[in-house]
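Have a look at the structure below, then the notes.
The values are calculated or read from the model by the stated rules, or taken from the named source; none is laboratory data. As the structure is a prediction and not an experimental result, all values here were calculated from the model. For neighbour counting, all protein chains shown are included, and Cβ atoms are generated from backbone atoms with ideal geometry for every residue, glycine included. Accessible surface is based on the protein model in full, side chains and every heavy atom, while ligands, DNA and RNA are left aside. Shrake-Rupley method; radii C 1.70, N 1.55, O 1.52, S 1.80 Å.
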Amino acid sequence: MSEKKDKKSSVSSSITESYGGASASLRRSLASFIEFWNVFKRSAAGMTGLILIIILVIIAIAFPVIGNYGDVKNWNNATYIAEKGLPALAPPEWINLISSKKWPVTKFVTPKEITLVNLKNIRTNTTVALELLKYTNPQLYKYLSAYVKSIPKSQWENNPILKNMRKGLSQTYGDRFEVVVFDIKYDYKADKVPTDIVIRWNQKPLNSLLTQAGILVIFVRPDGLAVPLAPLNYNIVTKLSQSILKNGTCGSYCAFLFNLNNYFKILNAGRSVDAWSYYGLAIYGKTQISKFEEFRLSNFVNQLSKETRINFKLSILRPFMEPFNLTYSPGTFYRFGKALFKKMNPQMLAGKGPSLKGTYHILVIELAAYNQTKGTPSQPPVTIKRAIFQGAYGILGTDRISASSPYGRDLWQGVLYGTRWALIVGLMASTISTLIGVIYGVISGYYGGAIDAVLSRLAQVIYSLPVLPLLILLSYYVGRSIWNVIVLLIVFGWVGIVFTVRSMALQLRENLYVEAARAVGVDHGRIIFRYIFPQVLPYTFASIALGVPGAILTEAGLSFLGLGDPNIVTWGKILHDAQAGGAVLSGAWWWVVPPGLAIAIVGLSFVLFGYALDTILNPRLRR
Amino acid sequence: MSDGGGSVGRTVLNSIFNAVIVLFFASALISGIFVAYGYKYLKGLAQQEIQGEIQSLVRQGKPYNYTQIKMLVYERYGLNKPAVYRVFKYVKDTFLLKFGEFPKSPDVTYPRGGDNAAQVVERALVPTIILFFTAEIIVILIGIYLGFQAARRAGSLYDKTISIVAMLSASLPMWWVGMLMLYAFAYKYKIFPLASIDVYSALGKLHREFAAVLAQGFLHNPIGYLHYYGISLETWLYYMALPLVTIILVLFGGWAYIIRNIVINVLTEDFVTVLRAKGIPERLVLYKHVFRAASPPLVTMSALGLVGALGGAIITEIVFQWPGMGYTYWIALNSGDQGVLVAQTYLLVFLFVIIITTLDFIYMLLDPRVRIGGRRA
């Protein structure tokens, strides 16, 4: 039938013969394709496979549109990840649909959402100086206060003794104080507590103008209780925060903030002998920082679990203990981070009880002292870049970049992007190795004799070699690149199809038209590629499709062993990180399930598609 | 697989010849790579050894000659010889299975210990074989049962379910299924251990506890002995259950499907129709006559299946920290202990080839056409 068509077309277009021939063969292959398609579309499994493959290809191609390319490009870039600040081991947000205990969703608070509540400049007048003295030198203050009481307030400024005292204090602490309160709001309606709270802040380095600076963090709960993350009296802090939040000023409690001495010591004196400053340094960061530092609730909690510095610990835990007459017992691990978000109950320090829902305020109080003789300050020395209340995140949650890291990456991006490389690896390795195998098999079967014996023996030797151990060894040595992996997959993968194709070629070469071609004197290359190869080709398609899952699984296995390309995100690599990062031991199922499921889906698509092709195209299966 | 016809003897010789060529090719490849890329590693180890010897001499207060010691150590590592010589040396060593000739970094410890590469890989081999072959036997039994059932009811819902399970499990990474199993039955429900690495120390502890009983001899205290065996088995199963179930879960579907296809092919043959016409019970037809006719292709398929599954199984070991070859691979790869890596790879190749060749023999014994000297299909 096809011969007839060929003749017709050659007659009709005698001038452009070559063009006519091409169009005829095109029409012929189109016809056979339509014939194939009519059979194929009746196979439900085959169609399912095909639709899945099309979806996967779309995902792979459209990744820059639907995904975030920066995330996968910077998969190993620690700076980028820290800058992004995603929580570590955060479950996906939809966990709240299946979990009875609701997770908080990760909330990023930008500087725009942070309100500056109170801006107050205080000159060091005698009142302030006396307040300062109260904390810096209690004995002197005790002695002075009796004297101060004896003179009327109007004469304070001119009193030589007080003038001297003020001067002395100014020289030490500066003569002008600044208090800026950053108010970070957080609406909390979940049952589980945030895994961590991170505040990123920056402080200008100290100089002759800015003599002292630091921050003080106070948590204000919806029930009004304020928890100072510093050795302060929580009753006073509660009243102070109420005043700040209600009236926008520290009011009569401003003076209390002049208990700055400890903080300044904390921030500037380095590792002093003061028990409090030890904690303070760890909590509030280093002295004279120029880059962004982080305040992290989890660090704070870790500090609390240590045995030493009981005084400091006590002062932090007191708000939760005093109402219930609890006493501090050394050696107990207090779940302070959890207690912050629990309704008042005697067991809240063990992290138990219902959560306290409502609006939380975190007051970051910036304290600075200036030496006004050196100029006037332009901006507050402390800026807050962002605050993160960590909880569930994104579509597939996050991983953890290392066991000690507080950061994770968006797994959705990784899994989405993995499609691309899975398809590239699977299709390339399978297509090239199948084609090599088919040509090899056809040559071996067509020529027969000594050539066949040698080629068959060689194929059999390679076929008997176990692929995985050799792949492991070779990929360990040849350098970690995805292209090396693909080449290795081809080197060891081409041989599987050879034997079937060879036996097909053995049969085909006995066909009359092949014999006729040989009798006419057509050369071997032409016979192989024009007469035998097209007969084997349909079978090749099925083999390519069925070879894809194996190639993807092997690549994933190698990546899982840590032999994959370190710069490319593949599903195997994500699973390697999950294994190395103890995902199972941390219960992070969202880190383990999606990449493997993706491998399975891609594999299944090609298996379904391949089997459907095989039953239609493979002559052996057509009965 | 083989194109040669002829008698059993010739076929046996042919497959042995093939195995030898394969092993030689593999050992040449592995040795060549090791010599080409492992120079730095070997030199590092040699340097470490030289330092160690010098230190011990200094401690004893003896005089030492650096060049002499260096010469000796380099001689041992073959570093003073040209690369070609080293390739030959390692080809010879691997071919003769002398893994002791491969170095092992003294800084790396393996789950079951071992002072040289030979000890490490040999000790790792035993748990792998126990785990893998137990799993394979169970998988084959389940596969034969399910496959025969599916073939009998070809086209039924049961049959289709088997096909779907087979396709699904063909695309699952076994080690990933292992991670899920670990999550479900060790983390979420704490039935099994999170890591199986302690299996040998647990057994050792048990052995010490029962030392008094075991010293008496079996005949004097059979109950005590049985008790010991019972607890030992329990311990094995406690640590082995999860990896075992994982391997079975991933492999049984594929097996059942392959067996189903083979059996369906056999069922279309004339002798089955004759047997049925004779009124022989269907069960007898299936499990006696069809089984016998289907066994040669089954053995061939099992060779391929075993080889394919062993790769997945060794990676799965890592997930469970089963102290076998896979976990040894993990440690050697992560610490860059190339001597063990190379020895292990060759041992695994050897194991593969032995399995294939053995199954080839079994095939010959089962296939009447080969047995009586006819042509092989």
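Please tell me the relative contact order of chain B in percent, rounded to the nearest whole number, where contacts are Cα pairs under 8 Å and at least six residues apart. List each step's numbers first, then the result.
On the way: 408 pairs, mean separation 107.7, N = 377.
Across chain B, relative contact order equals 29 percent.
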Exercise. Between A:LYS352 and A:ASN77, with labels modelled 7 Å along Cα→Cβ, what's the label distance in nm to one decimal, could you check?
Key: 4.8
Exercise. Take peptide B:351-360, look around each residue's Cβ out to 10 angstrom, count Cβ atoms belonging to other protein chains, and average those counts.
Key: 2
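Out of region B:89-171, which chymotrypsin sites (Phe, Trp or Tyr not before Pro) are coil in DSSP terms and have no more than 16 other C-beta atoms within 10 Å? Don't jump to the answer; show the numbers that get you there.
Values: sites: B:TYR90, B:PHE95, B:PHE99, B:PHE132, B:PHE133, B:TYR145, B:PHE148, B:TYR158; in loops: none.
Those that pass, being in a loop and sparsely packed, number zero.
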Exercise. With a 1.4 Å probe and every protein chain left in place, tell me how much accessible area B:ASP107 has, in Å² to the nearest 10.
Key: 110
Quiz item: Let a ≥ b ≥ c be the square roots of the eigenvalues of the Cα gyration tensor of region A:554-623; is it rounded (a/c under 1.5), or, if not, prolate (a/b larger than b/c) or oblate?
Solution: prolate
Quiz item: In region B:326-341, which residues become less accessible by 30 Å² or more once every protein chain is in place, relative to the chain on its own, using a 1.4 Å probe?
Solution: B:TYR329, B:TRP330, B:LEU333, B:GLN338, B:LEU341
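Highest first, please rank the peptides B:182-193, A:360-371, A:411-422 by the mean number of other Cβ atoms sitting within 10 Å of their residues. Walk me through the numbers on the way to the answer.
On the way: B:182-193: 16.2, A:360-371: 22.1, A:411-422: 24.2.
Put in order of decreasing packing, that is A:411-422, A:360-371, B:182-193.
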Quiz prompt | Delta accessible area of at least 10 Å² on complex formation, residues of region A:466-485, 1.4 Å probe, chain isolated as reference | solution = A:PRO466, A:LEU468, A:PRO469, A:LEU470, A:ILE472, A:LEU473, A:LEU474, A:TYR476, A:TYR477, A:VAL478
Quiz item: For region B:348-354, in order, what is each residue's ³J(HN,Hα) by Karplus, 6.51 cos²θ - 1.76 cosθ + 1.60 with θ = phi - 60°, in whole Hz (x at glycine and Pro)?
Solution: 5, 4, 4, 4, 4, 5, 4
Quiz prompt | Rounded FRET efficiency, nearest 0.05, which uses the C-beta distance separating A:LEU585 from B:LEU365 and R0 of 56 Å | solution = 0.70
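Compare the peptides A:72-85, B:14-27, B:278-291 by average per-residue count of other Cβ atoms within 10 angstrom and give them in order, highest first. Before the final figure, lay out the partial values.
Numbers: A:72-85: 15.5, B:14-27: 18.2, B:278-291: 13.8.
Ranking, from highest mean packing down: B:14-27, A:72-85, B:278-291.
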Exercise. Label region A:361-448 by shape, choosing from rounded, prolate and oblate, from the square roots a ≥ b ≥ c of the eigenvalues of the Cα gyration tensor; if a/c is under 1.5 it is rounded, and otherwise prolate applies when a/b is larger than b/c, oblate when it is not.
Key: prolate
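Is the shape of region B:207-359 best called rounded, prolate or oblate, per the rule: a/c under 1.5 gives rounded, else a/b larger than b/c gives prolate, else oblate, with a ≥ b ≥ c the square roots of the Cα gyration tensor eigenvalues? Could the numbers behind the result be given before it?
Details: a/c = 2.86, a/b = 1.44, b/c = 1.99.
Judged from the Cα gyration tensor, region B:207-359 comes out oblate (a/c at least 1.5, b/c at or above a/b).
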Quiz prompt | Size of chain B as Cα extents on the principal axes (Å, biggest first) | solution = 93, 53, 46
Quiz prompt | Mean Cβ neighbour count within 10 Å, used as a protection proxy, ranking A:465-473, B:60-68, B:202-210 highest first | solution = A:465-473, B:202-210, B:60-68
Quiz item: Under a plain spin-label model, where a point goes 7 Å from the Cα along Cα-to-Cβ, how far apart in nm are B:LYS98 and B:ARG283?
Solution: 5.8
Self-check item: Förster radius 30 Å - calculated FRET efficiency between A:THR48 and B:TYR158 (Cβ-Cβ, nearest 0.05)
Solution: 0.90
Quiz prompt | Unsatisfied cross-links (Cα-Cα over 26 Å) in the set A:LYS142/A:LYS163; A:LYS112/A:LYS352; A:LYS41/B:LYS160; B:LYS43/B:LYS89 | solution = A:LYS112/A:LYS352
Quiz item: What is the local net charge at B:GLY336, summed over the other residues whose Cβ is closer than 11 Å to its Cβ (Lys, Arg +1; Asp, Glu -1)?
Solution: -1
Self-check item: Proportion of all alpha-carbon pairs of the protein assembly as shown beyond 37 Å (%)
Solution: 64
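What accessible area per residue, rounded to a whole number of Å², is obtained for the protein assembly as shown using a probe radius of 1.4 Å? Spell out each step's value before the answer.
Numbers: 45930 Å² over 1000 residues.
Computed with neighbouring chains in place, this is 46 Å² per residue.
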Quiz prompt | Carbon/sulfur fraction of accessible area - the protein assembly as shown, other protein chains in place, 1.4 Å, % | solution = 62
Quiz prompt | Buried accessible area, chains A and B (both chains, 1.4 Å probe, Å² to nearest 100) | solution = 4500
Exercise. Note the full-extension length gain between A:ARG518 and A:LYS101 as 0.36 nm times their separation in residues minus their Cα-Cα distance, in nm to one decimal.
Key: 142.3 nm
Quiz prompt | Virtual spin-label span in nm between A:LEU506 and A:LYS246, 7 Å along Cα→Cβ | solution = 9.7
Exercise. Take peptide B:17-29, look around each residue's Cβ out to 10 angstrom, count Cβ atoms belonging to other protein chains, and average those counts.
Key: 3
Quiz item: What average number of partner chain Cβ atoms lie no more than 10 Å from the Cβ of the residues making up A:582-588?
Solution: 4
